[in-house]
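Chemist: Encoded as structure tokens, here's the structure I'll be asking about.
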Amino acid sequence: MKNRKREICTSGSVRDEDGQPPHLLGHRRQFLHLAAGAAALPAVSRFAWAQAYPTRPVRIVVGFPPGGGADITARLIGQWLSERLGQPFIIDNRPGAGSNIATEAVVRAAPDGYSLLLVGSYNAINATLYDRLNFNFIRDIAPVAGIEREPHVMVVNPSVPAKTVPEFIAYAKANSGKISMASAGNGTPAHVSGELFKMMTGVSMAHVPYRGAGPALVDLLSGQVQVMFPTMSSSIEYVRGGKLRALAVTAATRSEALPQTPTVSDFVPGFEGGIWYGLGAPKATPAEIVNKLNKEVNTALDDPKMKARLADLGGTPLPGSPVQFGNLIAEETEKWGKVIRAANIKPM
């Protein structure tokens, strides 16, 4: 080895050529050794962290009030994850701006797996609906897992005399400007489905946006508004109880949950709509945690009891990898972007 030069300082101490006293060289080398070890530590610690995750409560942030399809879906999967992973998965309802408030809260949260987002097709719609957002959904939210798909159902208050889609179209045209259509918010899937119905049938209905499906359904039940295109999960019990009348479902085929109810496309060829839900997390959330959550969600979707519960609500499981869920989000963002631009739908 090359001998390092030393010099005698005026103080009488011995220093190395870079000015470091010999007794500090050992400390310096030890520090560098520890720093090198620390650089290799994150991969190991992340794995151990993921193995132990979760060690405290996890919140699932939902962009709508309790009672709607998003809230119901979040509570179903949250209960499953709580039972499987041994920590509470708490539903955190943050309604407003078509779910953008909730989405931004998760975008800004620490990427540690303790803040998750109940993702839905409304996120794909908002990417085009809003000109200025403080985030880029596809870039800033990591896809975790799909949960379910479900159709909307066209429901009316029983005071509306129409019992079929053709009867409703005739009634709406005869009462132009007197029919109010509720939705879970401006630009939400329920709103977009209603606007598509208006475009394809030529009927005139005043849109009344709410801060979620729950409040909208309350006013529909009381007769303050006449028609709505809610998710099946949020409205099916009212239909079964006779409090709302289902005219049609928006899927391409009839739903097993409401087998006697026709599809809108039976009367309006080409009409189709619906919604999907899944889980997302802040970008940079460790892949080990994302994969652990994805595995648990897919296990839930393969469970006969969960399948039966989703079917009872009109939904079908949406299993797959994080990459597959990310591809769905990208495809839906492009699809709904075309609809929003064609219909010239604007946020309030």
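Chemist: Could you report segment 244-341's accessible area per residue, 1.4 Å probe, as an integer in Å²?
Modeler: Computed with neighbouring chains in place, this is 46 Å² per residue.
Chemist: Right, another one. If you average the C-alpha positions of segment 254-269 and of segment 164-195 separately, how far apart do those two centres end up, in angstrom?
Modeler: Going from one Cα centre to the other spans 17 Å.
Chemist: Using bins 5 angstrom wide from zero, how does P(r) for segment 138-189 break down, in % of all Cα pairs?
Modeler: P(r) for segment 138-189, in whole percents per bin: 4, 12, 18, 18, 16, 9, 6, 6, 9, 2.
Chemist: Can you pull the Rg over Rh of the chain, Cα-only, Kirkwood?
Modeler: Radius of gyration over Kirkwood radius for the chain works out to 1.22.
Chemist: Can you pull out the trypsin sites (Lys or Arg not before Pro) in segment 236-316 that DSSP calls coil and that have at most 16 other Cβ atoms within 10 Å?
Modeler: Those that pass, being in a loop and sparsely packed, are LYS243, ARG254, LYS283.
Chemist: Apply the membrane-span-like helix rule to the chain: whole DSSP H runs, Cα extent along the own long axis of at least 30 Å, mean Kyte-Doolittle hydropathy at least 0.0. List the helices found.
Modeler: 22-52
Chemist: Then there is this: For segment 325-348 and segment 272-291, write down the distance between their C-alpha centroids in whole Å.
Modeler: Distance between centres, Cα-based: 18 Å.
Chemist: Let me ask something else. Just grab the label-to-label distance for LYS307 and LYS173, each label 7 Å out from Cα along the Cβ direction, in nm (one decimal).
Modeler: In this crude spin-label approximation the distance works out to 4.4 nm.
Chemist: Starting from the Cα-Cα distance between ILE90 and ARG56, subtract it from 0.36 nm times their residue separation and give me the gain in nm to one decimal.
Modeler: 11.2 nm
Chemist: Right, another one. Give, rounded to the nearest 20 debye, the magnitude of the charge dipole that the chain has about its Cα centre when Lys and Arg contribute +1 at Cβ and Asp and Glu contribute -1 at Cβ. Walk me through the numbers on the way to the answer.
Modeler: Details: 36 positive and 28 negative charges, 140 e Å.
Rounded to the nearest 20 debye, it is 680 debye.
Chemist: Next question, about the same structure. Equivalent ellipsoid semi-axes for segment 208-322, as square roots of 5 times the alpha carbon gyration tensor eigenvalues: give them largest first, rounded to whole Å.
Modeler: Working from the Cα gyration tensor, I get semi-axes of 31, 18, 14 Å.
Chemist: What percentage of the solvent-accessible surface of the chain, computed with a 1.4 Å probe over protein heavy atoms, is contributed by carbon and sulfur atoms?
Modeler: Carbon-and-sulfur percentage of accessible area, whole number: 54.
Chemist: Among SER265, SER115, SER193, determine the one that fluctuates most according to a GNM of the chain built with springs between C-alpha atoms less than 10 Å apart.
Modeler: SER265
Chemist: If you don't mind, another one. Please enumerate, by chain and number, the aspartates and glutamates with C-alpha under 19 Å from the C-alpha of LYS178, excluding those fewer than 8 residues away in the same chain.
Modeler: Filter leaves GLU167, GLU195, ASP219.
Chemist: Which lysines have a Cα less than 23 Å from the Cα of LYS292, not counting those fewer than 8 places away in the same chain?
Modeler: In chain and number order, the partners are LYS283, LYS305, LYS307.
Chemist: Around HIS207, under 10 Å between beta carbons, what's the net of Lys plus Arg minus Asp minus Glu among the other residues? Please report the intermediate quantities before stating the final value.
Modeler: Working: positive: LYS198; negative: GLU195.
The answer is 0.
Chemist: Just the accessible area per residue of segment 90-242, please: how many Å² with a 1.4 Å probe? Can you show the working numbers first?
Modeler: Numbers: 5340 Å² over 153 residues.
Accessible area per residue, segment 90-242: 35 Å².
Chemist: Further question on the same structure: When only DSSP loop residues count, what GluC sites (Glu not before Pro) in segment 199-299 have their Cβ near at most 13 other Cβ atoms within 10 Å? Each step should come with its number before you reach the end.
Modeler: Numbers: sites: GLU237, GLU256, GLU272, GLU288, GLU296; in loops: GLU256, GLU272.
In loop regions of segment 199-299 (DSSP not H, G, I, E or B), the sparsely surrounded GluC sites (Glu not before Pro) are GLU256.
The values are calculated or read from the model by the stated rules, or taken from the named source; none is laboratory data. Quantities reported herein were computed from a predicted structural model and do not represent experimental measurements. FYI the Cβ positions are ideal-geometry reconstructions off the backbone, even for glycines, and counts take in every protein chain you see. Note: areas computed on protein heavy atoms with side chains; ligands, DNA, RNA excluded. Shrake-Rupley method; radii C 1.70, N 1.55, O 1.52, S 1.80 Å.
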